[in-house]
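S.K.: Dropping a structure here in structure tokens format, bear with me for questions.
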Amino acid sequence: MAPTWSTPRDELSCPVCMEVFKDPVLLPCSHSVCNTCVKTWWQTNGNRLCPVCKTASVTNTPPRNLALRNLCEAFLLEEESGVVCRLHGERLKLFCLDHQTPVCVVCRDSTQHANHHFSPVDEAATSHREDLRRHVTRSRVKVKLFNGVKLDLEKADEGIRNQALATETDITNEFNVLVQFLMLDKEFRIAALKEEETRKRKVFEDKIAGLTGEINALERTITTIEDGLREDDDASLLLNVGALTRAAERPLPDDPEQLTEAQVREARIDVAKHLGNMTFNAWCKMKQIVSYTPVILNPNTAHPKLELSEGLTSLRCRPDPALKWIKGHCCALGSEGFTSGRHHWDVEVGRNQVWALGVLAQDAQKMENVVSGLWMLRCDEGTFSVFSPSRRSVLPLKERPRRVRVQLDWGSGTLSFLDRDTEAPIYTFTHTFTDRLFPYINTWDSLPLKMLPVDLTVIIEASNVMVQLKK
């Protein structure tokens, strides 16, 4: 904004302090002086003369020069804003290209800017505005990028939190099943203990009741005779002697049978039966509710269209039309990879129309080039084919398998597929494997593919206990 005056700075300065007027007053001679300055001047000199023309003032409270005060305040504000040169009070109309600062026309001719290059402030401002706008544009692009990455990180963090909560719920549910099984087994064992206790105590309670009856009868006879004997008068005793004699002559019961140590031991609770190998026996009975699956699917490798079961042993393609098509193999991998040994797993394909089974190399995952490290058997609407990095061919299968066994011998370099129900071989790959291989399972069908568990058998031989997996 242009200034409202054309007066240089020295004409807006007090003649006493030589600074821009502060609260100026107007003397009778029309000269203006700062209010504080004029009072100090008068006090120092002992008179009320004008500091400029020595004209006497008839009053010691000259009026405020409000117009000059407003003008000086506006000048100071503009000077503080940088629009006016602080040295010369002139408008900053030029831009020193050497010092990269705006200057006034007086500054241009000063020794401080000798031989410098200048441009009009409007041209320099336009150039700098363009540079700053370009910087703002680049910064906005960078902010958008950072916000995008931040959003991805927040989504990943939220996904981890939700995944942890869901997994915690699944863990709790699984252990609740085990706890419920153990609680039922506990109740069964306690019931068996109570039944044995009731049965064995009933025998003793009956014997105790019989002995109690005999003891009470004997004690009544004894009491009757002892009461008669307490009579001091002989005649009274003889009057009752008949009844007392009959009571005394009543036949005594046979002596009770004495308990032997053997009978006591036999009558005790069979503690060993209830406590012996209790946890082992409970563990063996758990085979009814537990299973072992040699391949567990890794949900972190699953295609977004796939839905995995809670136990991570089956998957299917979601029949959700709202889910857009996503490129890539609609597959999931096993949670454990193999670099040696022999391994096999059975998959129930059932009536699934589009599926593939096999193994995938770890390097192919890292390079995101699945076909470079994939060996698989594929079914597509009844047409069977095999695929590897070096081979692609169609198989003339007559019988469609319902259960397929994938058998990997990493050391000998073979990957075989068999019909699990007929044991008939389907196809065998031969290759010298050098990378870690992960089980691969693929489907575009809404019918599930299931990893089948193996049977557990507990074999007790002498002092050895073995858990065997039935193949």
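S.K.: State the Cα centre-to-centre distance between region 326-388 and region 416-463 in whole Å.
M.R.: Centre-to-centre distance over Cα atoms comes out at 12 Å.
S.K.: On to the next question. So how tilted is helix 35-45 from the main axis of the chain? Cα-based, degrees 0 to 90, rounded to 10.
M.R.: 60 degrees
S.K.: Starting from the Kirkwood Rh over alpha-carbon pairs, what translational D in µm² s⁻¹ does the chain have by Stokes-Einstein at 37 °C and 0.692 mPa s?
M.R.: 91 µm²/s
S.K.: Using r as the Cβ-Cβ distance of SER385 and ASP455, and R0 as 35 Å, what FRET efficiency do you calculate, to the nearest 0.05?
M.R.: Details: r = 32 Å, r/R0 = 0.92.
About 0.60, to the nearest 0.05.
S.K.: Another question, if that's okay. So if I place +1 on the C-beta of Lys and Arg and -1 on the C-beta of Asp and Glu, and nothing else carries charge, what would the dipole magnitude of region 125-288 be about its Cα centre? I want it in debye, nearest 20.
M.R.: So the magnitude is around 2960 debye.
S.K.: Please arrange TRP375, TRP41 by counting, for each residue, the other beta carbons lying within 10 Å of its beta carbon, fewest first.
M.R.: Working: TRP375 25, TRP41 18.
The most exposed by this proxy come first: TRP41, TRP375.
S.K.: As I understand it, the dipole of the chain uses +1 on the Cβ of Lys and Arg and -1 on the Cβ of Asp and Glu, about the Cα centre. Which of LEU333, ALA125, ALA192 lies farthest toward its positive end?
M.R.: With unit charges placed on the Cβ atoms, the residue in question is ALA125.
S.K.: Here is a follow-up. Round to a whole angstrom and tell me the spacing of the C-alpha centers of region 234-256 and region 49-123.
M.R.: Between the Cα centres of region 234-256 and region 49-123 lies a distance of 148 Å.
S.K.: Let me ask something additional. Have a look at THR245, PHE146, MET286 and report the one farthest towards the positive end of the charge dipole of region 125-288, computed about the Cα centre with Cβ charges (Lys/Arg +1, Asp/Glu -1).
M.R.: PHE146
S.K.: Grab the other residues whose beta carbon is less than 9 angstrom from that of ALA356, score K and R as +1, D and E as -1, and report the net.
M.R.: 0
S.K.: 7 Å from Cα along Cα→Cβ at both GLN100 and THR422: what's the point-to-point distance in nm?
M.R.: Each label point is offset 7 Å from its Cα along the Cβ direction, giving 8.4 nm.
S.K.: Another question about this same structure. So for the chain, averaging the separation of alpha carbon pairs under 8 Å that are six or more residues apart and normalising by length, what relative contact order in percent results?
M.R.: Computed value for the chain: 9 percent relative contact order.
S.K.: Let me ask something else. Once label points are set 7 Å from the Cα along Cα→Cβ at both GLU196 and ARG133, what is their separation, rounded to one decimal in nm?
M.R.: Output for this residue pair reads 9.5 nm.
S.K.: Once R0 is set to 22 Å, what does the formula 1/(1 + (r/R0)^6) return for the Cβ-Cβ distance between THR44 and ALA74, expressed as a FRET efficiency to the nearest 0.05?
M.R.: Details: r = 31 Å, r/R0 = 1.41.
My answer for the efficiency is 0.10.
S.K.: Right, next: What size of dipole, in debye to the nearest 20, comes out for the chain about its Cα centre when the only charges are +1 on Lys and Arg C-beta atoms and -1 on Asp and Glu C-beta atoms?
M.R.: 3460 debye
S.K.: For an R0 of 22 angstrom, estimate the FRET efficiency from the Cβ-Cβ distance between GLU174 and LEU447 and round to the nearest 0.05. Don't jump to the answer; show the numbers that get you there.
M.R.: Numbers: r = 25 Å, r/R0 = 1.16.
Efficiency at R0 = 22 Å is approximately 0.30.
S.K.: Enumerate the whole-percent occupancy of each 10 Å bin, from 0 to the last occupied one, for all C-alpha pair distances of region 125-288.
M.R.: Spelled out bin by bin, region 125-288 gives 7, 14, 12, 11, 10, 9, 8, 7, 6, 5, 4, 3, 3, 2, 1, 0 percent.
S.K.: Starting from the Cα-Cα distance between ALA248 and LYS366, subtract it from 0.36 nm times their residue separation and give me the gain in nm to one decimal. Could the numbers behind the result be given before it?
M.R.: On the way: separation 118, 0.36 × 118 = 42.48 nm, distance 10.66 nm.
The ALA248-LYS366 span can extend by a further 31.8 nm.
S.K.: With axes computed from alpha carbons, what is the tilt in degrees of helix 66-80 against the longest principal axis of the chain, rounded to the nearest 10 within 0 to 90?
M.R.: 60 degrees
S.K.: Next question, about the same structure. Report the residues of region 268-308 in range of a label on ALA164: point 7 Å along Cα→C-beta, backbone N strictly under 18 Å from it.
M.R.: Correct set: 300.
S.K.: Then there is this: Sorted by average packing, counted as other Cβ atoms within 10 angstrom per residue and highest first, what order do 262-272, 363-373, 413-423 take?
M.R.: Working: 262-272: 10.0, 363-373: 14.0, 413-423: 16.3.
For the peptides 262-272, 363-373, 413-423, the packing ranking is 413-423, 363-373, 262-272.
S.K.: Also: Between region 125-173 and region 273-296, how far is it from one alpha carbon centroid to the other, in angstrom?
M.R.: A separation of 50 Å, based on Cα centres.
S.K.: Trypsin sites (Lys or Arg not before Pro) within region 32-114: which are DSSP loop residues with at most 10 other Cβ atoms inside 10 Å?
M.R.: LYS54
S.K.: Might you report the magnitude of the Cβ-based charge dipole of region 336-375 about its Cα centre, with Lys and Arg at +1 and Asp and Glu at -1, to the nearest 20 debye?
M.R.: Dipole size: approximately 80 debye.
S.K.: Moving on to the next point. Roughly how many nanometres apart are two label points built 7 Å out from the Cα toward the Cβ at CYS17 and LEU237?
M.R.: Here the modelled spin labels are 14.4 nm apart.
S.K.: Expected output is a single nm value to one decimal: the length gained when fully extending between ARG230 and ALA209, i.e. 0.36 nm times separation in residues minus the C-alpha distance. What is it?
M.R.: 4.4 nm
S.K.: Suppose a student asked you for the relative contact order of region 26-87, using Cα pairs under 8 Å spaced at least 6 residues apart; what percent would you report?
M.R.: 29 percent
S.K.: From the backbone phi of region 174-189, what are the Karplus-calculated ³J(HN,Hα) couplings (6.51 cos²θ - 1.76 cosθ + 1.60, θ = phi - 60°) in whole Hz, Gly and Pro given as x?
M.R.: Rounded to whole hertz, the list is 4, 6, 5, 4, 5, 4, 5, 4, 5, 5, 5, 5, 4, 5, 5, 5.
S.K.: For every helix of n ≥ 4 consecutive DSSP H residues, a contribution of -39,500 (n - 2.57) applies; sum these over the chain, divide by its total residues, and give [θ] at 222 nm rounded to the nearest 500 deg cm²/dmol.
M.R.: On the way: 9 runs with 179 residues, N = 471.
When only DSSP H runs of four or more count, the value is -13000 deg cm²/dmol.
S.K.: So for VAL349, VAL203, VAL84, fewest C-beta neighbours within 10 Å to most, what's the order?
M.R.: Ascending Cβ contact count within 10 Å gives the list VAL203, VAL84, VAL349.
None of the figures in this text is laboratory data; all of them are computed from the coordinates on show. None of the values given here were measured: they were computed from a predicted structure. Note that each Cβ is placed from the backbone with ideal geometry, even for glycine, and that neighbours are counted across all protein chains shown.
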